[in-house]
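The values are calculated or read from the model by the stated rules, or taken from the named source; none is laboratory data. What you see is a predicted model, and the numbers here were worked out from it, not measured in a lab. Here Cβ is always computed from backbone atoms with ideal geometry, including for glycine, and neighbour counts include all displayed protein chains. Accessible surface is based on the protein model in full, side chains and every heavy atom, while ligands, DNA and RNA are left aside. Shrake-Rupley method; radii C 1.70, N 1.55, O 1.52, S 1.80 Å.
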Amino acid sequence: PAVPVIHSADYLDHRDRLLTADRLTIIGAGQSGAEIFLDQLRARPAGREGLHWLARTPAFAPMEYSKIGLEHFTPDYTRYFHSLPERVRDALVPGQWQLHKAIDHDTLAAIHDELYRRTLDGGWPDATLTPGVCVRTAGRVGATKIELHLDHTQQGTRSRLTADAVILATGYREARMDTLLAALDPYVRRDSAERPRIDVNHRLILDPSVTGSVYVQNAETHTHGVGAPDLGLAAWRSATILNSLTDTTPYPLPTRTAFTTFGLPQAPAARTGTVPRQGSTLVPRG
């Protein structure tokens, strides 16, 4: 049979077959990858686990789930993020992966406990966890194995890994909305990366000749930040859109939603006739 290479979404359908693979590689350090690794680890004999877990992220890291950390998923942060320059927004999003792409604390603890338990008799589990790795290419070796070509981003080194089966816990590609809105394409205003510009009310910025409005949800991470696809903000987004669409406030929204103050208030302009002196003291001219 062909080497199974499956997406994590299909894991349960193939679980029994995957348990028979001598060397199983899991790619992806989100919650799905962690749960699959833990399930396979628990089901395999000690010392003969045959598992390799790869992550592109620099660590198998816990999800940021503190109450203050979660204030990145508030309307306050969304408005702040939208107000930033495009280049700043683009730099921020990749660095915020622990807010939504990491692993639940309990799952990480369970993995560590299971690995530790397997060392108590003096052995060491045949399970390798390697973060900071990108899969450059992959190809089949004969009919029974697959070879992964790996780059380690911090070391600048390359290696190869052979597996009997591979699970891709790599998430989902975001669907482009260009196909759905192809007829509007000439009228959509775009940023420097050719992405649709979207105003703070989740409305596409269109050519002035278009008299109607198009609102989007879960298509605006580049303008509204990591909270754009978050279901916890769905009611607020819907209310914001309805208020904008009706130009009224059927759903009054709070002016403040976070204890964190994102950004600094703009400093007041100096009064005419004064100049700043070292130490921030203002003195009269002449």
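When ARG89, ARG118 are screened for being outside the structural domain of ARG195 (by the TED database), crowded, with 17+ Cβ neighbours inside 10 Å and of a type outside the set (A, V, I, L, M), only ARG118 passes. Out of the range 46-56, which residues are farther than 13 Å from GLU114 by Cβ and either at pLDDT below 95 or open to solvent by 40 Å² or more (accessible area, probe 1.4 Å) (or both)? Within the range 46-56, GLY47, ARG48, ARG56 qualify. Please determine, by comparing only the residues of the range 214-261 that are in contact with a helix residue (DSSP H, G or I) (Cβ under 7 Å, 6 or more places away or on another chain) and of a type in the set (Gly, Ala, Ser), which one is surrounded by the fewest Cβ atoms within 10 Å (Cβ to Cβ). Among those that are in contact with a helix residue (DSSP H, G or I) (Cβ under 7 Å, 6 or more places away or on another chain) and of a type in the set (Gly, Ala, Ser), it is GLY232. Note on the range 81-120: residues that are closer than 27 Å to ARG23 by Cβ and in a helix (DSSP H, G or I) amount to 11.
Out of the residues in the range 15-39 that are touching a strand residue (DSSP E or B) at 6+ places or on another chain (Cβ under 6 Å) and farther than 19 Å from ARG140 by Cα, state the one that is most open to solvent (accessible area, probe 1.4 Å). Going through the qualifying residues, I end up with GLN31. Which members of the range 104-115 meet the condition of being of a type outside the set (Asp, Glu), open to solvent by 30 Å² or more (accessible area, probe 1.4 Å) and within 23 Å of the chain's Cα centre (by Cα)? Matches in the range 104-115: HIS105, LEU108, ALA109. Filter the range 165-191 down to residues that are open to solvent by 100 Å² or more (accessible area, probe 1.4 Å) and not β-branched (Val, Ile, Thr), then give me how many there are. Looking only at that region, the number is 5. Summed over the range 121-131, the residues that are in a loop (DSSP other than H, G, I, E, B) and surrounded by fewer than 16 Cβ atoms within 10 Å (Cβ to Cβ) give a count of 4.
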